[in-house]
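Q: This is the structure I want to talk about, given as structure tokens.
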Amino acid sequence: MKTLVAAFLSAVVWLILPLSAAEAPPNFAIHNAPKPVPEIRFENGDGEARTLADFRGKVIVLNVWATWCVPCREEMPTLDQLQAKLGSPDFEVVALSIDRAGPEVVSEFFAEIGIENIALHIDPSGKALFALGIVGLPATLLINREGEEIGRLIGPAEWDSPEMIEFIRSKISND
């Protein structure tokens with residue numbers, strides 16, 4: 001009987017482990033129900049107007065950051081690696097800079113640290129901060145294919161960690 005119980009418990013643990021790998025990482029608040037995201041306006045690296053609606057149909061990690069924010073600077077390479085690993089027609093990292101100095105500053109920073117996979121997006125007005133209810137940088141919203149916020153993380157994260165990649169991958173495949 002003990003052997004049967006041990007085998008059963010072992011099987012249950014084996015079944016649960018893959019599910020727990022897709023749990024939200026620490027400090028990532030997942031909402032009970034998706035929340036509407038206000039329409040924000042920003043520009044791409046070519047100065048073309050963009051909105052979040054341009055990304056509908058994709059799961060997106062919207063990271064709001066600035067070059068003067070030290071934790072933002074430190075996490076940017078991990079966001080670049082997340083985009084390199086998961087970027088597809090189904091997923092995109094949208095790194096939205098709020099640098100008032102303009103896209104040149106962001107472009108120089110990207111070149112300086114070797115960012116190759118993330119497109120440049122900028123809101124020099126900073127209006128996105130207020131519209132999204134962001135009080136500190138970096139701040140990241142996980143947005144589903146319908147353009148709704150399903151979770152939020154305030155502060156830096158290791159976006160290329162195996163746990164984070166598995167979590168984001170699970171959101172892409174389940175959305």
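Q: Could you please find all residues in region 77-100 being part of a loop (DSSP other than H, G, I, E, B) and either modelled with pLDDT under 95 or over 14 Å from Trp65 (Cβ atoms) (or both)?
A: Listed by number, the residues that qualify are Gly87, Pro89, Asp90.
Q: Also: Would you point out the residue of region 107-128, among those that are in contact (Cβ under 8 Å) with a residue 60 or more places away in the chain and in a helix (DSSP H, G or I), that is nearest to Asp160 (Cα to Cα)?
A: Ser107
Q: Which of the residues spanning region 41-66 are assigned to a loop (DSSP other than H, G, I, E, B), in contact (Cβ under 8 Å) with a residue 12 or more places away in the chain and closer than 16 Å to Ala119 by Cβ?
A: Gly45, Gly47, Lys58
Q: State all residues of region 151-175 that are closer than 23 Å to Gly133 by Cα and surrounded by fewer than 18 Cβ atoms within 10 Å (Cβ to Cβ); if no residue qualifies, say none.
A: Ile154, Gly155, Glu158
The values are calculated or read from the model by the stated rules, or taken from the named source; none is laboratory data. A quick note: this is a predicted structure, and the numbers were derived from the prediction, not measured. Note that we place each Cβ from the backbone using ideal geometry, even for glycine, and neighbour counts take in every protein chain shown.
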